[in-house]
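**Q** Before we start, here is the structure in question, set down as structure tokens.
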Amino acid sequence: MDHSELIAELPEIERMTAQERIALARDRRRLQLRRNDERERALPPPRPRRQRLHFAAEVELLEATCRADYAEVERLLNDNANPNLHNDDGLTPLHQCAIDDNQQIMLLLLERGANVNAQDTEQWTPLHAAACCAHINIVKILIQAGANLLAVNAEGNMPYDICDHEETLDVIESEMAARGITQSYIDEMRGAPEKAMLDDMKMLHQQGRELDARAPDGSTYLHVASANGYYDVAAFLLTCSVSPLIRDNDFWQPVHAAACWAQPDLIELLCQYGGDIHAKTKNGETPMDLCEDMSTKQVISQLVQTEARRRRLAFGVRDSRRQSKKRKKFESPQQGATTGDNPFSARGAIRRQSLRDRSGLTPARIEAQKEGADILRTWSKEDVSADVHSSQGSLQHQRESPSKRVLKYYFQSSQNKQAKPMSPDEWLRKLETNADDDLDTTPKRSGSTRRRQKKVPGDMSDSRNGDVRRQKSTCCCVIC
Amino acid sequence: MDLFCAAELAELCHRARELIWSEPIFLKLEAPICVMGDIHGQFDDLLAMLDMNGWPLSSQEFEALKDITVRSRETGKRPQSEPHSTQPESSNDVKPPVAAPKSVNKEVTTGYKRYLFLGDYVDRGPFSMEVVILLTALKLAYPDRIYLLRGNHESRSVNTSYGFYREVNYRYDAQLYECFQNMFNVFPFCAVINNTIMCMHGGISEHLTSFNQFSVFKRPLEIPDVGVLTDLTWADPDPTEKGYKPSARGASFVFGPPALRAFLKKLDLQMVIRGHQVVEDGYEFFDGRRLVTIFSAPNYCGQNDNTAAVFSIDKKLKISINVFRPESRDKKRGFEKERKAKK
């Protein structure tokens, strides 16, 4: 009704009784609803609702976690998104929270059943990432949620190995001490995969099976041992006459795998048994080309120089005469025996240096590890020695050099055994006294640093060409 | 010896030019479809990604191609070559199949993938010609399965300096380069999928307020120095910006999250898919999931260690991402698998 009509009605309405007013209002409302229905029916039908855009669950959850969007993460989890989904790198939302120091979303994920020990494709757990980034509160949350303090990643490191922040390291080591984790237990856990493989190799050897069997891509046990840094497995295989020059389908030799995965002591061992430091893959890559670790590159450089020096000496008349004499006694092509003690001590020095650089351990932990490694190595050497004795007489000459090395190791290990094994308290006390000597050479995990890299525009150099285009003021292609 | 003579490639360019010219400069597409970003002459990687994600051919069509290839070899009409190199040759002889009626059941059984490429097929990489020849041949054979957008490198002023002109002139002649350039000049600039997702090579434009504006553009044309078409092929997102600001590239603008939201609201869209920038994981989100950058040249120029990505959009507009890694990283990964097997 028009406003003027309503105004005109007012005197008449004022004269009505209350009941008459209510009845009139009800009639008006009924009329209003009928008109509205008619108008609704006359309208065209509404447009159908647009399809909603959505992503695969793992993409959405990981992207929301990266943006630290708590509300959306909660909504996705309420919609039954799996908190353990991961991208192609194996990165889970929990890893992302550890990298970004996002405690709020991490607590939410753990509450909804996220796996606290999820491992990415490089076997990093969220605790590895948090320890590496020195996010102390994240470390506490993960430890309280049951994180595995002894998880070993693809580089053989436990979380406390890659933590270079004092307070965060204290939290981890205090928890390790509280759980009664001793240094020997740590070494045992760290060396478990290698010991398992060594046991497998020995069993295969006893059964008379071939130790150079190949995987579908052409790689052998020696390739695997070289890539993983399994020194004793590789030593065992080499002493059982597995060739260090064996190649897989891509023409990778074990020395390429050791260089690619930064295993300097494996490179030395392979070259000692006749491996070629200049070997090339199908793509023409040498171990130096494949190596990305600086300390391992130094080891390779020294080996290259040593071989160059040896090659120069071979041209001397007197030296060649001496070599011919040696060749009469030992028909083995190994050249280690001819160099006497000096290269051995030099090699030992190189190994100690590379071990420190590789793992970023404190001097105290280096000492503790060396003791454990010596014990482990002694044990494996004794077994190798037993194999040497059990072999045929004609092979004894070829094995004489390794047996000499075993004897030296035995004497050294007997001295080490006289020392008392350190109790956990002594170990912790030693760590505290050496706290100021911590090394800052711990390598950051590439995944975490990668997240922080700025994106590079692929066509940055096009800007020069753009300037040229700017000057074409008379270009006929310009559309006004 | 090259597989094709210049006359054959010129004919391919002419036919593709006529076909693409007959389609609008602004494409309206329907899901399901896959979106692939910059290729930049990396032909081996393009083949690997099509093998991984699926070709725009069904298995029956592949078998037919094999038969044609074998027959061609037996009759000696074509020189001996590797099977994948004969794709452009043989696919020309296959007539486009009759379009099947669209239904859920039949689409499931078609067995082929539809593709939208975001441009930058040439320059920088070593096999720009192979990339363009394969994609245009597939376009001619299956017009409704392949759509090719134009990138800033499909422009004379750019690809004379970054490798394509040098490659064509060295292997054939400058006249053939003109044929390729004439074909590029009719390529479309952007596409909209289900009225929901807008795809282009570069980025959004402040001056694009309605899709009706595309009717004023007449092809063939070069990418101009300023304007909507420049922005669609040259613009970049910048999280630190609010509006539009001249780009450091020297062409077009950079835009911030507020500009993107205004653009999406004005044109009633939900997302933008673009290429134009290397991203480490092959894809990267901007402003939540409103814009995503896709790059499909892994190990770009042999200098980046980046992954390549392909987006798959299904009929219900669910998006999944397939990534393809550089070979060097796969090599390391192989040892990891063995390591796990040992454990």
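The values are calculated or read from the model by the stated rules, or taken from the named source; none is laboratory data. If you're wondering where the values come from, they're calculated on a predicted model, not measured in any experiment. Reconstructed Cβ throughout: ideal geometry from the backbone, glycine too, with neighbour counts over all protein chains shown. The accessibility values were calculated without ligands, DNA or RNA, using every heavy atom of the protein model including side chains. Shrake-Rupley method; radii C 1.70, N 1.55, O 1.52, S 1.80 Å.
**Q** Based on this model, can you work out whether residue B:169 counts as more than 15 Å from the chain's Cα centre (by Cα) and in a loop (DSSP other than H, G, I, E, B)?
**A** no
**Q** Could you identify the single residue in B:229, B:267 that is under 14 Å from residue B:199 (Cα atoms) and more than 9 Å from chain A (Cβ to nearest Cβ)?
**A** Testing whether each residue is under 14 Å from residue B:199 (Cα atoms) and more than 9 Å from chain A (Cβ to nearest Cβ) leaves just B:267.
**Q** Taking segment A:200-233 only, how many residues are open to solvent by less than 60 Å² (accessible area, probe 1.4 Å) and within 11 Å of chain B (Cβ to nearest Cβ)?
**A** Number satisfying all stated conditions: 15.
**Q** Taking the options B:43, B:26, B:4, name whichever one is buried (at least 21 other Cβ atoms within 10 Å of the Cβ) and of a type in the set (Phe, Trp, Tyr).
**A** Numbers: B:26 fails: buried (at least 21 other Cβ atoms within 10 Å of the Cβ); B:4 fails: buried (at least 21 other Cβ atoms within 10 Å of the Cβ).
It is B:43.
**Q** Now for a different question. Pull up segment B:192-206, narrow it to residues that are aliphatic (A, V, I, L, M) and crowded, with 23+ Cβ neighbours inside 10 Å, then point me to the one that is farthest from the chain's Cα centre (by Cα). Even if it seems obvious, please write down each step before you answer.
**A** Of the residues in segment B:192-206, the ones aliphatic (A, V, I, L, M) are B:192-193, B:197-198, B:200, B:204.
Still in the list and also crowded, with 23+ Cβ neighbours inside 10 Å: B:193, B:197-198, B:200, B:204.
Details: B:193: 15, B:197: 16, B:198: 15, B:200: 10, B:204: 18 Å.
Applying the filter and picking the extreme gives B:204.
**Q** Checking residue B:331 against (1) open to solvent by less than 50 Å² (accessible area, probe 1.4 Å); (2) at the interface with chain A (Cβ under 9 Å from one of its Cβ atoms); (3) at pLDDT 90 or above, which single condition isn't satisfied?
**A** Failed condition: (3).
**Q** Is it true that residue B:131 is aliphatic (A, V, I, L, M) and within 14 Å of another protein chain (Cβ to nearest Cβ)?
**A** Taking the combined requirement at face value, the residue does not satisfy it.
**Q** Another question about this same structure. Considering only residues that are open to solvent by 50 Å² or more (accessible area, probe 1.4 Å) and without any contact (Cβ under 8 Å) to a residue 24 or more places away in the chain, which ones fall in segment A:302-311?
**A** Scanning segment A:302-311 gives A:305, A:309, A:311.
**Q** Restricting to segment A:24-72, count the residues that are modelled with pLDDT under 90, in contact with a helix residue (DSSP H, G or I) (Cβ under 9 Å, 6 or more places away or on another chain) and of a type in the set (Gly, Ala, Ser).
**A** So the answer is 1.
**Q** Also: Against the condition farther than 26 Å from residue A:164 by Cβ and either part of a loop (DSSP other than H, G, I, E, B) or within 14 Å of another protein chain (Cβ to nearest Cβ) (or both), how does residue A:151 come out, does it pass?
**A** Working: farther than 26 Å from residue A:164 by Cβ: no; either part of a loop (DSSP other than H, G, I, E, B) or within 14 Å of another protein chain (Cβ to nearest Cβ) (or both): yes.
So residue A:151 does not fit the description; no.
**Q** Could you grab me the full set of residues in segment B:25-43 that are within 11 Å of residue B:296 (Cα to Cα) and in a strand (DSSP E or B)?
**A** Scanning segment B:25-43 gives B:35, B:36, B:38.
**Q** Return the residue satisfying two criteria in turn: it lies in segment B:207-221 and is in a loop (DSSP other than H, G, I, E, B) and open to solvent by less than 30 Å² (accessible area, probe 1.4 Å), and of such residues it is nearest to the other protein chains (Cβ to nearest Cβ). Steps first, answer last, please.
**A** Taking segment B:207-221 first, the residues in a loop (DSSP other than H, G, I, E, B) are B:207-210, B:217-221.
Subsequent filtering for residues that are open to solvent by less than 30 Å² (accessible area, probe 1.4 Å) retains B:208, B:221.
Numbers: B:208: 14, B:221: 6 Å.
Applying the filter and picking the extreme gives B:221.
**Q** Now a separate question. So which residues in segment B:49-63 are in a helix (DSSP H, G or I) and surrounded by 16 or more Cβ atoms within 10 Å (Cβ to Cβ), if there are any at all?
**A** Scanning segment B:49-63 gives B:49, B:50, B:53, B:61.
**Q** Looking only at residues that are more than 7 Å from chain B (Cβ to nearest Cβ) and without any contact (Cβ under 8 Å) to a residue 24 or more places away in the chain in segment A:53-67, which one is most open to solvent (accessible area, probe 1.4 Å)?
**A** A:60
**Q** So which residues in segment A:274-301 are part of a helix (DSSP H, G or I) and open to solvent by 80 Å² or more (accessible area, probe 1.4 Å)?
**A** The first filter runs over segment A:274-301 and keeps only residues part of a helix (DSSP H, G or I), leaving A:287-290, A:294-301.
Listed by number, the residues that qualify are A:289, A:294, A:298.
**Q** Quick test of your reading of the structure: residue A:21 fulfils all but one of (1) in contact with a helix residue (DSSP H, G or I) (Cβ under 7 Å, 6 or more places away or on another chain); (2) assigned by the TED database to the domain that holds residue A:114; (3) at pLDDT 85 or above. Name the failing condition by number.
**A** (2)
**Q** What strands (runs of 3 or more DSSP E) lie completely within segment B:238-307 and have 1 or more residues being farther than 28 Å from residue A:87 by Cα and open to solvent by less than 10 Å² (accessible area, probe 1.4 Å)?
**A** B:253-255
**Q** Do we find that residue B:187 is more than 13 Å from chain A (Cβ to nearest Cβ), part of a loop (DSSP other than H, G, I, E, B) and aromatic (Phe, Trp, Tyr) in this structure?
**A** Taking the combined requirement at face value, the residue satisfies it.
**Q** Now for a different question. When you scan segment B:198-206, do you find a residue that is at the interface with chain A (Cβ under 8 Å from one of its Cβ atoms) and modelled with pLDDT of 95 or more, even just one?
**A** So far as segment B:198-206 goes, no, none of its residues is at the interface with chain A (Cβ under 8 Å from one of its Cβ atoms) and modelled with pLDDT of 95 or more.
**Q** Here's a follow-up. Under the condition of being β-branched (Val, Ile, Thr) and within 13 Å of another protein chain (Cβ to nearest Cβ), which residue from segment B:150-184 is most open to solvent (accessible area, probe 1.4 Å)? Spell out how you get there, then give the answer.
**A** Of the residues in segment B:150-184, the ones β-branched (Val, Ile, Thr) are B:158, B:160, B:168.
Still in the list and also within 13 Å of another protein chain (Cβ to nearest Cβ): B:158, B:160.
Values: B:158: 1, B:160: 57 Å².
Looking at the filtered set, the residue picked out is B:160.
**Q** Here's something else I'd like to know. Mind checking which residues of segment A:190-215 are closer than 23 Å to residue A:280 by Cβ, of a type outside the set (A, V, I, L, M, F, W, C) and assigned to a loop (DSSP other than H, G, I, E, B)?
**A** A:212
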